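Visitor: Mind looking over this structure? Questions follow.
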């Protein structure tokens, strides 16, 4: 199997899954630091002049920070390398210019004045000058709200109704909003290296890997990408393990779910109001937590996902129904989260499903998947697995080979059983410590 094709490199890309809707006040507040800095510029210039008159420079000694929700600058001063005399002159200049109590200033410039009190008083005087009066701040804020109303698309503005019960999901998702870097290979050469790495760890997966290799190369958008895949075949053949190996080789986060669990549909789409408790779906939550717009989402035992559930209001849900809009690229690109109401672009999720049988899965559902058969392993393939699982222990390797030769034809024999046996054999070979 040749995995060494070299093709031109492509640039890395980003992808925006969602932007959290926020109200006008929030958008305006985010703009206020720059607005406040501009409004205070004349005061800052005046302070710079007073520093110069005292033989000092404002910028290296005073640090200003402008934050949302604050009506002025946060002032931090460092006078540790400044002599006392210039500080005395500065405090007197500040008090005189800003009509502060000159008695206090005269006390601070006395010969035996405390240096700490002198520095504290200077910082306090500066801080007092770099704060806007509340009416001025409110006028600037209203102006920014008007600008935001004109510039921001309506779907990115939260209304009062949509703000209710937002705190939990906003805190979960805000770390992952906006443009996120796509993980995984950025070009065909990177895909070749990824597949070669996986093949080295699972050579018995040659046929499925060839198919996945071809599917990955059809994605021209950068980052790991392939259409939804269904790996079906006997249990214990390494189907779930293959997804984990692709995750490890690509550096793309992987999340596994159990399709046979009764609440699997809710775990995918989320649990909206009307059920016992509202919570975000795991794919969206995982994207936010990992800051990865193209994770690998694995749902095991899909063939056991039967039936559904009903809410207090009579709404029904099933795993297959929850998945359908997420598997079609067009509908996934504008998928609406039932919990947050956000429109999310989930089209870059890499879906991997595993199943032992295809019976019970509808044709409309299967038509959205690339179905890849993973057959039962042959004796040769089991021997390949032995070489990979115990490369440095000849005794364990030889025992495992004999185990394969004697047992591989039995119906209950599987890669999972072989792996457990090798782990047990390896543990038996370790020395005991007393």
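What follows is calculated from the coordinates using simple rules that are stated; it is not laboratory data. In this text the structure is predicted, and so the values were computed from the model without any measurement. Using ideal geometry, Cβ is built from the backbone for each residue, glycine included, and neighbour counts are taken over all protein chains shown.
Visitor: Assuming R0 = 56 Å, what is the FRET efficiency of residue 80 and residue 156, from their Cβ-Cβ distance, to the nearest 0.05? Walk me through the numbers before you get to the answer.
Guide: Details: r = 46 Å, r/R0 = 0.82.
Computed FRET efficiency for residue 80 and residue 156: 0.75.
Visitor: Compute the angle between helix 115-129 and the longest alpha-carbon principal axis of the chain, please, reported from 0 to 90 degrees and rounded to the nearest 10.
Guide: Once rounded, one gets 80 degrees.
Visitor: How many percent of DSSP beta bridges within the chain run antiparallel, rounded to 5? The partial results should precede the final answer.
Guide: Numbers: 15 of 34 bridges.
Bridges in the chain that DSSP calls antiparallel: roughly 45 percent.
Visitor: Say R0 is 22 Å: what FRET efficiency, to the nearest 0.05, do residue 210 and residue 359 get from their beta-carbon distance?
Guide: Numbers: r = 26 Å, r/R0 = 1.19.
Efficiency computed from Cβ-Cβ geometry: 0.25.
Visitor: Pick from 22, 416, 115 the residue whose mean-square fluctuation is largest in a GNM of the chain, springs joining Cα atoms under 10 Å.
Guide: Greatest mean-square fluctuation among the candidates belongs to 115.
Visitor: Cut-off 10 angstrom, C-alpha nodes, Gaussian network model of the chain. Which of 362, 260, 219 fluctuates the most?
Guide: Result: 362 has the largest fluctuation of those listed.
Visitor: Angle check, please: helix 84-97 long axis (alpha carbons) against the longest principal axis of the chain (alpha carbons), in degrees 0 to 90, nearest 10.
Guide: 70
Visitor: In percent, what relative contact order does the chain have, based on Cα pairs under 8 Å that are 6 or more apart in sequence? Can you show the working numbers first?
Guide: Working: 675 pairs, mean separation 78.5, N = 434.
Worked out over the chain, it gives 18 percent.
Visitor: When a footprinting reagent is the concern and you count Cβ atoms within 10 Å, what order do 407, 85 take, fewest first?
Guide: So the ranking, lowest neighbour count to highest, is 85, 407.
Visitor: Rounded to the nearest 5, what % of DSSP beta bridges with both residues in the range 181-373 are antiparallel?
Guide: Numbers: 6 of 24 bridges.
Around 25 percent antiparallel, to the nearest 5.
Visitor: Now for a different question. Does the range 175-285 classify as rounded, prolate or oblate by the C-alpha gyration tensor (a ≥ b ≥ c root eigenvalues; a/c under 1.5 gives rounded; else a/b over b/c gives prolate, otherwise oblate)?
Guide: Working: a/c = 2.73, a/b = 1.47, b/c = 1.86.
Judged from the Cα gyration tensor, the range 175-285 comes out oblate (a/c at least 1.5, b/c at or above a/b).
Visitor: Give me the extension gain from residue 49 to residue 333: residue separation times 0.36 nm, minus the current Cα-Cα distance, reported in nm with one decimal.
Guide: Numbers: separation 284, 0.36 × 284 = 102.24 nm, distance 5.57 nm.
The residue 49-residue 333 span can extend by a further 96.7 nm.
Visitor: Rounding to the nearest 10 and keeping the result within 0 to 90°, find how far the Cα-based axis of helix 41-53 lies from the longest principal axis of the chain.
Guide: The helix 41-53 is inclined about 60 degrees to the chain.
Visitor: Would you calculate, for the chain, the mean residue ellipticity at 222 nm contributed by helices, counting each DSSP H stretch of 4 or more residues as -39,500 (n - 2.57) and dividing by all residues, to the nearest 500? If you can, show how the numbers build up before the last one.
Guide: Values: 19 runs with 204 residues, N = 434.
Value at 222 nm, helices only: -14000 deg cm²/dmol.
Visitor: Next question, about the same structure. Taking semi-axes √(5λ) of the Cα gyration tensor in Å straight from the coordinates, which label in [x] 62, 30, 20; [y] 42, 32, 21; [z] 55, 26, 20 is the correct one?
Guide: [x]
Visitor: Moving on. Which of these, 141, 56, 377, has the largest mean-square fluctuation under a Gaussian network model of the chain (Cα springs below 10 Å)?
Guide: 56
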